[in-house]
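Written out below as structure tokens is the structure these notes cover.
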Amino acid sequence: VFSLWDTFRALHPLFTIIDQKRTNDFIKSLLQKYDDGGRLPMWALAGNYTDDMLGYHAVPVIADAYVKGIRGYDVEKAYKAVKHSAELEKSGLKYYKEIGYLPYDRQAESVSKTLEYSYNDWCISQMAKEMGSKEEFKWYHQRAHFYKNVFDKTSGFMRGKSLDRKWLEPFDPLKNSAYSEGNAYQYMFVPHDTEGLVTEMGGDQKFADWLDELFSLKSDDEPEGSIGQYWQGNEPSHHLAYQYNYVGEAWKTQKLVNQILTELHTATPRGLSGNDDCGQMSAWYILSSLGFYSVAPGQDIYVIGSPLFKKATVNLENGKKFVVKANNISAENYYIQSATLNGKIYSNSFLRHKDIMDGSELVFEMGPEPNKEWGNKKNKRPYSENGDVITSLPYIKSGKKLFSNNTKIDLGCDTENAEIRYTLDGSEPTENSSLFKKPIKISESTILKVRSFHKEIESSVAITYEIKKAELTEPINLNSVKQGMHYDYFERFFVSTEDMDDLTPLESGIMNKFTIENAKVESYFGYQYKAYIKVPADGIYTFYLESNDGSRLFIDSEELIENEANHGAVEETGVIALKKGFHKIKVKYFQCGGGKALKVSWNGPYFSKKEIKKNDFYF
């Protein structure tokens with residue numbers, strides 16, 4: 001099992017210290033899966049893709065090892081593989097790459113996905129920087145700032161945003177509205193750019209106040225293993241106690257880490273908050289009990305908390321020993337008074353990976369009262385490596401990317417006082433390119449490239465839009481048809497609708513509408529529907545595919561909509577130009593568990609959005 005959504009946080013960073021050989025082997029296994037299946041796994045089970053959870057967290061496992069000098073695998077292939085993960089079109093990435101976030105009205109768990117993709121992209125940027133890939137570094141560096149696109153400064157939380165850039169209403173930070181297994185407090189997930197997040201939230205004191213609120217705010221439905229809104233029983237919270245170090249209040253980290261270690265972990269059958277999640281919970285405990293934690297895997301530092309033992313020795317593969325001592329430690333003495341590293345005064349509230357692997361001795365002097373001066377100076381705090389502020393991506397505010405006669409493209413940018421430059425010939429926009437002042441009229445198929453510039457901060461990367469003049473797809477000549485559609489029914493666990501391609505259906509027949517109500521089981525089934533749809537007039541048509549869980553829609557054998565993965569009810573759209581007459585339509589759907597839904601709709605030149613009904617289908 002590669003439970004990567006869990007284990008990238010602490011288990012794999014722990015292995016970079018205690019078992020680098022196995023770390024290399026893990027990465028070789030991930031790359032073998034890339035070779036065999038064409039992509040890195042998200043959450044692999046028994047060597048198979050499951051596409052469970054979110055993010056592309058094979059990336060931080062690889063990047064963390066790479067930046068720490070662990071490279072006993074094909075580095076070039078690893079770099080190619082991590083970039084490939086970030087450039088797929090699945091799981092909302094098509095929105096993320098174009099507008100810089102996932103809209104809540106198009107993707108379930110949209111905020112969580114945006115934040116995790118942004119962190120994953122920062123990991124890739126760190127590899128790109130080390131490897132000297134300047135252009136690729138800039139692209140992923142831009143994306144590492146995309147978390148800001150879902151940060152609402154008015155509420156002070158990461159918040160769902162719609163495709164038309166409106167905040168989710170109503171908004172309650174205690175509710176799970178656009179998050180995965182958590183709420184807005186638990187999903188302030190920006191491990192790679194805590195310094196940037198502090199700035200967004202208004203500075204050190206406001207961020208510290210927000211953390212205080214996080215750890216003290218009670219609610220009616222607190223899960224087991226909670227301190228306020230902090231939830232040790234689930235991974236998105238695991239770094240939060242360590243973030244006080246970034247604002248000069250390391251003593252609060254020490255207090256909370258000790259509380260979590262001693263109160264939320266016990267030597268009983270229920271001694272863990274939740275389950276071990278394939279080693280992540282245990283790894284959090286091991287690292288934290290040593291006195292530090294991997295807040296941002298992909299960066300070669302660890303943030304210091306509060307050690308649990310008088311002495312701990314880590315026997316390293318290189319034959320050296322890393323020793324942590326905590327003098328005068330007791331149940332009451334969990335505050336760091338001072339520290340030395342190899343006999344020299346050590347005032348940093350973070351530790352470098354190299355210091356561990358060199359076989360150092362880290363000694364803490366502990367006491368019952370906090371030393372609020374230790375680690376509080378700016379140059380003694382842990383730091384983020386997310387570079388300078390960057391101008392936001394430009395985006396299309398209005399206008400059609402597929403048009404009949406002409407279209408007017410209006411552009412916008414969220415960075416105040418930014419200007420947008422563009423080209424219509426496919427060349428890269430520069431500061432000397434055409435300045436956007438009013439909507440751009442386009443009458444022929446065009447490659448529109450746009451880029452944002454600002455006098456005081458770094459320019460954005462260029463975004464490419466393919467603006468197409470419609471070429472109507474020819475209809476299919478049919479001599480004899482009947483109303484209805486053909487269906488195939490399957491029962492099994494599906495990761496993707498592609499899994500149906502090699503299966504023999506359990507049942508086949510004719511239906512008169514898209515429905516899943518005739519399924520013989522509640523979970524783990526799939527349908528494939530095939531028919532001809534009667535298009536009433538020449539023109540541009542929009543198809544809508546809503547499903548819970550995964551689905552795809554094809555017109556004339558070409559994929560128009562991808563709505564894959566295990567998710568709640570989400571509607572995706574696709575636009576196509578069709579001539580009057582019959583056209584092939586195929587829909588593939590699978591259901592994993594929980595809620596289920598399937599709805600197919602369309603609109604056209606002479607009618608508004610409506611569900612596709614039996615009078616539209618033929619076979």
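None of the figures in this text is laboratory data; all of them are computed from the coordinates on show. Keep in mind that this is a model prediction, so the values were computed, not measured. Backbone-built Cβ (ideal geometry, glycine too); neighbour counts: all protein chains shown.
Quick notes on this one:
- Charge context of residue 176, other residues only, Cβ under 11 angstrom, K/R +1, D/E -1: -3
- For residue 175, distant residues with modelled amide H under 5 Å away: 184
- Relative packing of 154-160, 260-266, 91-97, 190-196, which averages over residues the other C-beta atoms within 10 Å, highest first: 190-196, 91-97, 154-160, 260-266
- Fraction of C-alpha pairs exceeding 13 angstrom in the range 9-63: 60 percent, rounded to a whole number.
- Extension gain, residue 502 back to residue 263 (0.36 nm per residue minus Cα-Cα distance, nm): 80.9 nm
- Overall form of the range 442-519 per C-alpha gyration tensor (a/c, 1.5; a/b vs b/c): oblate
- Structure-derived Rg and Dmax of the Cα atoms in Å: which label, when the choices are [x] 30.7, 93; [y] 26.7, 91; [z] 56.1, 193: [y]
- Qualifying trypsin sites (Lys or Arg not before Pro) for the range 395-497 [loop in DSSP, other Cβ within 10 Å: at most 10]: 437, 455, 482
- Our coupling estimate for the range 368-375, obtained by passing each phi through the Karplus curve with A = 6.51, B = -1.76, C = 1.60 and θ = phi - 60°, is x, 10, x, 9, 6, 8, 5, x Hz, Gly and Pro reported as x.
- Which listed pairs, of 94/534; 134/206; 161/449; 80/397; 113/166; 153/175, have C-alpha distances above 27 Å, in listed order: 94/534; 134/206; 80/397
- Formal net charge of residues neighbouring residue 360 (Cβ-Cβ distance under 11 Å; K, R +1; D, E -1): +2
- Unit charges at the beta carbon, dipole of the chain: most positive-side option, 604, 303, 16: 604
- Of the GluC sites (Glu not before Pro) in the range 428-525, those whose Cβ has at most 13 other Cβ within 10 Å and which sit in DSSP loop: 431, 444, 456, 471, 517, 522
- Computed extension gain for residue 520 through residue 579, at 0.36 nm per residue and net of the alpha carbon distance, reaches 17.4 nm.
- With a Förster radius of 35 Å applied to the beta-carbon distance between residue 98 and residue 377, the computed FRET efficiency rounds to 0.25.
- Residues whose amide H lies under 5 Å from that of residue 581, counting only those 5 or more places away or on a different chain, are 535, 537; hydrogens are built 1.01 Å from N in the peptide plane.
- Calculated FRET efficiency, residue 457 to residue 338, Cβ-Cβ distance, R0 = 30 Å: about 0.15 to the nearest 0.05.
- The range 395-469: C-alpha gyration tensor shape, a/c 1.5 cut-off, then a/b vs b/c: prolate
- A Förster distance of 60 Å, applied to the separation of the beta-carbon atoms of residue 331 and residue 389, puts the FRET efficiency at 0.85.
- HN-Hα J in Hz across the range 192-207 - Karplus 6.51, -1.76, 1.60, θ = phi - 60°, x for Gly and Pro: 7, 9, 4, 4, x, 5, 4, 4, 4, 8, x, x, 4, 5, 5, 5
- Burial ordering of 590, 26, fewest other beta-carbon atoms within 10 Å first: 26, 590
- Of the trypsin sites (Lys or Arg not before Pro) found in the range 526-595, the ones in coil according to DSSP and having at most 15 other Cβ atoms within 10 Å of their Cβ are 579, 580.
- Dipole in debye (nearest 20) - the range 197-387, about Cα centre, beta carbon charges: Lys, Arg +1; Asp, Glu -1: 920 debye
- Total charge dipole magnitude, the range 395-469, about the Cα centre, Cβ charges on Lys, Arg, Asp, Glu only, Debye to nearest 20: 500 debye
- Signed unit charges on C-beta, dipole axis of the range 395-469, positive-most listed residue 442, 453, 411: 442
- Chain lengthening between residue 174 and residue 513 when straightened (0.36 nm per residue, less Cα-Cα): 118.1 nm
- If both residues of a DSSP beta bridge must be in the chain, then about 90% of such bridges are antiparallel.
- Built amide H within the under 5 Å cut-off of residue 157, gap 5+: 152
- Alpha-carbon centroids, the range 31-87 and the range 303-361: separation in whole Å: 32 Å
- Helix 250-263 vs. the chain, principal-axis angle (Cα, 0 to 90°, nearest 10): 80 degrees
- Rounded, prolate or oblate (a/c below 1.5 giving rounded, otherwise prolate when a/b exceeds b/c) for the range 485-618 by Cα gyration tensor: prolate
- Residues of the range 521-546 with amide N under 20 Å of the 7 Å Cα→Cβ point at residue 471: 538-542
- Cα centre as origin, Lys/Arg/Asp/Glu Cβ charges: the chain dipole, Debye: 1060 debye
- Relative contact order [Cα under 8 Å, 6+ residues apart], the chain, whole percent: 10 percent
- The phi torsions of the range 76-86, fed into the Karplus equation with coefficients 6.51, -1.76 and 1.60 and a -60° offset, translate into couplings of 5, 5, 4, 5, 4, 5, 5, 5, 4, 4, 7 Hz, rounded to whole numbers, with Gly and Pro shown as x.
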